[in-house]
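The values are calculated or read from the model by the stated rules, or taken from the named source; none is laboratory data. All values reported here derive from a predicted model rather than from experimental measurement. Every residue, glycine as well, gets a Cβ built from its backbone with ideal geometry; the counts of neighbours run over all protein chains shown. Calculation scope for accessible area: heavy atoms of the full protein, side chains included, ligands and nucleic acids excluded. Shrake-Rupley method; radii C 1.70, N 1.55, O 1.52, S 1.80 Å.
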Amino acid sequence: MRGKRGHLRVSVDLSSVVAATTRWLNAAYPASGGAFDRALAEAQAQQAVTVAASLRYPTKVDAALVVLAGPGGSARLDWLAGTEVHDLEHPDHAWRTWVDEVVASWACCLLADPALAARAVAALPPAPPGVPASSFGRLTEPGRREQNAAFLLRHPDLQAPVAELHRERLLELIEPDTSTAA
């Protein structure tokens with residue numbers, strides 16, 4: 001069922017996946033400006049990751065399963081993005097095990113294409129009664145300041161290797177083929 005624009009239901013269980021995948025995106029495609037630009041880029045990455053995670057794990061059971069099995073980690077993403085991580089066993093890199101490759105790929109797709117991001121937000125399940133709807137304006141309608149702050153993060157050519165990993169599945173999910181419907 002498609003939700004109204006801006007409605008969101010994210011399981012608290014996904015907070016580790018959202019935080020780690022957001023952190024990975026900001027490390028792989030860093031903001032080049034000062035603290036304000038870094039904060040704007042992080043906010044955009046977090047919105048994209050939140051939408052992607054909500055689409056990927058739409059139910060509490062889905063969220064519980066990914067927490068139980070683990071999302072897979074950042075190893076392949078690091079290689080694709082050219083990120084050098086020499087010691088994945090080091091405690092400072094433990095967060096990387098919570099990075100979800102599909103969520104990162106979908107987030108890249110959303111960041112590179114605000115119109116696609118708006119369609120993804122429209123495809124989110126509705127927020128439960130009593131839960132305020134989240135706003136994704138920085139993702140779906142970025143202004144010049146947001147675009148400049150997250151230039152690398154939103155650059156379709158730079159993040160294409162990651163975005164292309166799972167783009168087709170995202171498109172199938174938010175734009176189902178209606179040609180076979182009777």
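Some points to look at:
- Given a 1.4 Å probe and the protein chains as shown, residue 32 ends up with an accessible area of around 110 Å².
- Modelled spin labels at residue 144 and residue 43, positioned 7 Å past Cα toward Cβ, are 1.8 nm from each other.
- Extension gain, residue 60 to residue 83, is 5.0 nm, computed as 0.36 nm per intervening residue step minus the present C-alpha separation.
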